[in-house]
Amino acid sequence: MAAASFTTAKFLAPVAARSGGDRAPPLPAIGAASARPRRGAQKTRLRTALAVSSDVLAGNKVVQAAAGHLAVTREEALELYEDMVLGRVFEDMCAQMYYRGKMFGFVHLYNGQEAVSTGFIKLLNQADCVVSTYRDHVHALSKGVPARSVMAELFGKATGCCRGQGGSMHMFSAPHNLLGGFAFIGEGIPVATGAAFAAKYRHEVLKQSSPKGLDVTLAFFGDGTCNNGQFFECLNMAQLWKLPIVFVVENNLWAIGVSHLRATSDPEIWKKGPAFGMPGVHVDGMGVLKVREVAKEAIGRARRDEGPTLVECETYRFRGHSLADPDELRRPDEKSHYAASDPITALKNYIIEKNLATESELKSIEKKIEDVVEEAVEFADASPHPPRSQLLENVFADPKGFGIGPDGKYRCEDPKFTQGTAQV
Amino acid sequence: MLGAARRQLGSGPMLGQVLQRLRPAAATNAARGYSAAAKEMTVRDALNSALDEEMSADPSVFLMGEEVGEYQGAYKITKGLLDKYGPDRVLDTPITEAGFTGIGVGAAYQGLRPVVEFMTFNFSMQAIDHIINSAAKSNYMSAGQISVPIVFRGPNGAAAGVGAQHSQCYAAWYAHVPGLKVLTPYSAEDARGLLKAAIRDPDPVIFLENELLYGESFPVSAEVLDSSFCLPIGKAKIEREGKDVTITAFSKMVGYALQAAEILSKEGISAEVINLRSIRPLDRAAINASVRKTNRLVTVEEGFPQHGVGAEICMSVVEECFEYLDAPVERIAGADVPMPYAANIERMAVPQVDDIVRAAKRACYRAVPMAATA
């Protein structure tokens, strides 16, 4: 097992090539001018901890030579570009629709983090699972849920992927193995671990093996979650039972208004993996190709039954925590620093530089996506609201759970069953 | 069944004589319900056999919990299952209720059928977010796409001398939540039939057992012992028919209610005892039909009184057959305090048989003292 060969020295030694050229200049000290107390050592560590990697990836030459040759074909690059543009345009449209009153409640947008969703999810098969948080629109889109289904769900219409019963924070799609959409911090992690457990159980106990290997589960969550008990409980159990899961930390440095550095004793999240015996990797989450390389290795490990991996993606959300967040606590220079590393612009520049496609081809992809999102809005607008009778549906898979009526028959069989709640 | 009661009831001579007389009577009562009650089975064996048969019939059923494997179960309910089915299907978990409950839910999302054991339901509070937010609500939030065929089982309610943090009854808590089914078996037949139904059910089921009932033996018919035996979820059982007052109870309190009914019958009051079996969905039809017959109701539960199961039953009766009531509904519940440790006040904090008898007499307008004089 790789665990035995991990040493502190390997972890703290940065992989030089990856912190090199194609990244923007070093981050200005976060909150340096603010009055909030911080430990000096942490400031330095976060600045230089750009590309430390576990033993597992040290031998992967493709990863180390990041500025050089990255294995991506024209088709792959265009697929990645299209997926990220879809995520961005969709989320921008959500903001517009929210301010027009078509969308309501809590809406958490993903702008800026597209590289993580695209970099990981585009490597998955249909049978692989994704478990997300309340910031789940783009995970749903990357996994293949049609934009119109997600938009209709956000509008609360009966044609939404959950018939309007879930909403922004609870995206589920069984055909795409999108297992939610959870509002509670950390709630999705054990559920994802359970899905990975099921994949392994199907393989070992039910003997339903696939030549491709084990079905992999990805759990997406943020930096704030990494201080939560369930996170550690699942790191332990996933490694203990060697489950095919990748824990993907979308470290966007902020948990609503609390900076990661104010909440965490040791802010380097990737280090928490080796504490439980699994590889911990840090990657620049603003670069989709870098994310993809790390994802390939982590997903490959899980598929080959080599166990879980913890991947920390340093990324940034361009908008506030939610559409209700005034976002006053983040400094403008921090925001502009990350805006300069917009993952979509970066990929666009890369594609053009490497002559994988022309500017006009990329523009036509953007136009196509805009049409898709416009159509999704029209579809959602035109869709009906859920009928009254839908209120009492889907509480149970087995509707007999509503019990037995006075006539001795199951209540759900009564034609008047959905006409009001007093009878239930 | 009577051994536990005797421990709780104290040692008044009158009660002692009553108990002597009760023993053969109770056995006859129990036997009356079955055609060929030759075999007896403890609740523990009933649960073990139900788990064994369901695991054998469906390979996607697996067990997880603390000490369920090598220790043979903290209360020996899962005895022998590790040897029979192996560590892939009987998982000893670390002490991480939130984590392993969520893992069970995630596995259920993907079509497996976990049976998660809580060493007692008090520990389920560490995992209650998963029980409610990721298990109970998921079929609804996903509009039927993701169903959660999971069973959460374990001992619930007061034991003997285990203190405040190990004695709470969670029936009312879980029965409050749409999306859960809550079952409370009493006898060995209930334990077998309801656990098998719970495991086969496609929805999350909270299966509230009782530690003090594990060692009790009940007669079981050949039908109950059959591996396809299953009881319907949502149907109560009339344990004893009567015409003067209805007594509803669940779990251990059914035994107490039956004893109370016996005492009442000596005084000319014919009590109908309903074993609820299912708290959610509640068999309102059976309760209301019984109240229409007897016109008087006493609800019995072990848990805290406020917002409890009895309150819901009372409201159901008011909604459906208020005109039939000849007396206010009597509610017997545990004391509204955390469970004390000292044996004498612990006895006072849990309903006793004479509390039920007094309440039934009050409902029948007999002159009785209001409080216990023990």
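The values are calculated or read from the model by the stated rules, or taken from the named source; none is laboratory data. Bear in mind the structure is a predicted one, so any value in this text is a computation, not a measurement. So basically every Cβ, Gly included, is an ideal-geometry build from the backbone, and we count neighbours across all protein chains shown. What goes into the accessible areas is simple: the full protein's heavy atoms, side chains included, and nothing from ligands, DNA or RNA. Shrake-Rupley method; radii C 1.70, N 1.55, O 1.52, S 1.80 Å.
Descriptive notes on the structure:
- Estimated inter-spin distance, B:LYS266 and A:ASN355, nm [label 7 Å along Cα→Cβ]: 10.4 nm
- Taking a span of 27 Å or more along the helix axis (Cα atoms) and a mean Kyte-Doolittle hydropathy of at least -0.5 as the rule, the DSSP H helices of chain B that qualify are B:13-32.
- The range B:193-234 and the range B:41-59: distance between their alpha carbon centers, rounded to Å: 9 Å
- For the range A:342-353, 3J(HN,Hα) computed residue by residue from phi via the Karplus equation (6.51, -1.76, 1.60; θ = phi - 60°) reads 3, x, 6, 4, 5, 5, 4, 4, 4, 4, 6, 4 Hz, glycine and proline entered as x.
- If you plug the beta carbon distance of B:ALA57 and B:ASN344 into 1/(1 + (r/R0)^6) with R0 = 45 Å, you get a FRET efficiency near 0.40.
- Approximating the spin labels as points 7 Å out from Cα along Cα→Cβ, the B:ASP88-to-A:GLU328 distance works out to 5.9 nm.
- Amide hydrogen proximity for B:GLU239: with H placed 1.01 Å from N in the peptide plane, the residues at 5 or more positions away or on another chain lying under 5 Å are B:VAL273, B:ILE274, B:ASN275.
- Volume of the convex hull of the range A:74-386 (Cα atoms only), normalised per residue: 126 Å³.
- A simple count of charges around B:GLU330, restricted to other residues whose Cβ falls under 11 Å of its Cβ and scoring Lys, Arg +1 and Asp, Glu -1, yields +4.
- Whole-number D in µm²/s for the range B:237-366 (Stokes-Einstein; Kirkwood sum over Cα pairs; 20 °C, 1.002 mPa s): 148 µm²/s
- Simple spin-label estimate for B:GLU323 and A:GLN390 gives 4.0 nm between the two label positions (7 Å along the Cα-to-Cβ direction from each Cα).
- Taking amide hydrogens as placed 1.01 Å from N in the peptide plane, the amide H of A:TRP254 sits under 5 Å from those of A:HIS260, each at least 5 positions away in sequence or on another chain.
- Loop sites here are chymotrypsin sites (Phe, Trp or Tyr not before Pro) outside DSSP states H, G, I, E and B with no more than 15 other Cβ atoms within 10 Å. The longest part of chain B free of them is B:72-340.
- For the range B:212-320, GluC sites (Glu not before Pro) meeting the loop criterion (DSSP other than H, G, I, E, B) and having at most 16 other Cβ atoms within 10 Å: B:GLU241, B:GLU267.
- Computed from the Cβ-Cβ distance with R0 of 41 Å, the FRET efficiency linking B:ASP226 to A:SER209 stands at 0.70.
- If you plug the beta carbon distance of B:LYS39 and A:ARG304 into 1/(1 + (r/R0)^6) with R0 = 60 Å, you get a FRET efficiency near 0.70.
- Shielding by partners - mean other protein chain Cβ count within 10 Å, residues of B:106-118: 6
- Loop-located trypsin sites (Lys or Arg not before Pro) in the range A:74-103, at most 14 other Cβ atoms within 10 Å (DSSP): A:ARG100
- Along the range B:242-251 the Karplus relation, 6.51 cos²θ - 1.76 cosθ + 1.60 evaluated at θ = phi - 60°, assigns HN-Hα couplings of x, 9, 9, 8, 9, 10, 9, 7, 8, 6 Hz to successive residues, with x for each Gly and Pro.
- Counted residue by residue at 0.36 nm each, then reduced by the alpha carbon distance between them, the extension gain from A:GLU375 to A:ALA174 reaches 70.0 nm.
- Interchain or long-range residues, amide H under 5 Å from B:MET119's placed H: B:GLU66
- Accessible surface of chain B [probe 1.4 Å, protein heavy atoms]: carbon and sulfur percent: 54 percent
- Using a cut-off of 25 Å between Cα atoms, the listed pairs B:LYS39/B:LYS252; A:LYS102/A:LYS122; A:LYS122/A:LYS290 include A:LYS102/A:LYS122 as exceeding that distance.
- Dmax and Rg, reported as Rg then Dmax, of chain B (C-alpha, Å): 20.2, 61
- Residue with peak Gaussian network fluctuation, chain B [Cα springs, cutoff 10 Å], from B:GLY234, B:GLY303, B:GLY144: B:GLY144
- Cβ neighbours within 10 Å from other chains - mean over A:384-396: 3
- Peptide-level mean, for A:238-251, of C-beta atoms on other protein chains within 10 Å: 1
- Accessible-area loss of 50 Å² or more (1.4 Å probe, protein heavy atoms, chain alone versus all protein chains) is found in the range B:226-247 for no residue.
- For the range A:98-142, the residues whose backbone nitrogen is under 20 Å from a point 7 Å from the Cα of A:GLU79, taken along Cα to Cβ, are A:114-131, A:138-142.
- Helical contribution to [θ] at 222 nm, DSSP H n ≥ 4, -39,500 (n - 2.57), averaged over chain B, rounded to 500: -11500 deg cm²/dmol
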